Amino acid sequence: LILNSCVRQPDMDTLGTVHTLDLRGYVGCVDISRYGAVHTLLLGHCQSLRSGNKRVLDFAVLANVHTLDISYCAGVIDVSALGNVHTLNISNCPGVTDVSALGHVHTLTMRYCHGVTDVSALGHVHTLDVSSCRAVSDVSALGYVHTLNISNCRGVSDVSALGGVHTLNICSPLPGRD
C-alpha cells in the first residue's frame, strides 16, 4: 500500500492486515505507534515522526517490523529498540550516535550517520553499509560481516582485519559525487 502522497495517515483498523506500507516522503506527522504489525514499513524522508502522545520517539512499538526504513527522518536519536528488525535503514539520521543494540540486524544501512563513531557491536550483521560515516575509524570488529561497504569513511585507514569479509567496498566516490 503506497500512501506517500496522501494528505492523511491511513487508519490501520479500517485497512486490516497490510504487508507493506509506504509512507516515504509523507508531509504530515506520522504516528509510528499505529504501525507495529506491518511487515514492511517505509518512512524514509518523512518530515515528522511521533510515537503516540510522546515527545521523544519510542521505536519499541516497531521492534517486530521485518523491514523498516527511517532514513532521512528528523528526530531519530535512539534506535536501541530496533535490534530485532531484519532489514533496517537509518541513513542520514544525524541524531543517531549509538548503534550497539543493532548487532543482530541482518541488513543494516546507515550511510551518512556522522554521529556514529563505534561500530564494534555490528560484527554479526550480514550486510552492513556504513559508507560516508565520517566519524567511523575502527572497523576491526567487522571482519566477519558478509557484505561490507565502508566507502568514503575517511577515518578508516586500517582494513587488515577485514580478510573474512566476502564482499568489501572500500572505494571512495569520485570527487564531487559524495
> What single numbered condition from (1) hydrophobic (A, V, I, L, M, F, W, C); (2) assigned to a loop (DSSP other than H, G, I, E, B); (3) surrounded by 16 or more Cβ atoms within 10 Å (Cβ to Cβ) fails to hold for LEU168?
Replying inline: (2)
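From the list SER5, SER33, which residue is at pLDDT below 85, touching a helix residue (DSSP H, G or I) at 6+ places or on another chain (Cβ under 8 Å) and surrounded by fewer than 20 Cβ atoms within 10 Å (Cβ to Cβ)?
Details: SER5 fails: touching a helix residue (DSSP H, G or I) at 6+ places or on another chain (Cβ under 8 Å).
Selected residue: SER33, the only one of SER5, SER33 that is at pLDDT below 85, touching a helix residue (DSSP H, G or I) at 6+ places or on another chain (Cβ under 8 Å) and surrounded by fewer than 20 Cβ atoms within 10 Å (Cβ to Cβ).
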> If HIS45 passes every condition in (1) touching a Lys or Arg at 6+ places or on another chain (Cβ under 9 Å); (2) modelled with pLDDT of 90 or more; (3) open to solvent by 70 Å² or more (accessible area, probe 1.4 Å) but one, which one does it miss?
Replying inline: (2)
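Taking region 99-143 as the search range and keeping residues that are open to solvent by 60 Å² or more (accessible area, probe 1.4 Å), among the hydroxyl-bearing types (Ser, Thr, Tyr) and closer than 22 Å to LEU68 by Cβ, which one is farthest from the chain's Cα centre (by Cα)?
First pass over region 99-143, keeping only residues open to solvent by 60 Å² or more (accessible area, probe 1.4 Å): 100, 104, 106, 111-112, 114, 117-118, 120, 124, 126, 134, 137-138, 140.
Retained after the next criterion (residues that are among the hydroxyl-bearing types (Ser, Thr, Tyr)): 100, 112, 117, 120, 137, 140.
If we keep only those that are closer than 22 Å to LEU68 by Cβ too, we end up with 100, 112.
Numbers: SER100: 13, TYR112: 11 Å.
In this case the residue turns out to be SER100.
The values are calculated or read from the model by the stated rules, or taken from the named source; none is laboratory data. Note that the structure is a prediction, hence the values are computed from the model and not measured. In this analysis, Cβ positions are derived from the backbone assuming ideal geometry, glycine residues included, and neighbour counts consider all displayed protein chains. Side chains included, ligands, DNA and RNA excluded: accessible areas come from the protein's heavy atoms. Shrake-Rupley method; radii C 1.70, N 1.55, O 1.52, S 1.80 Å.
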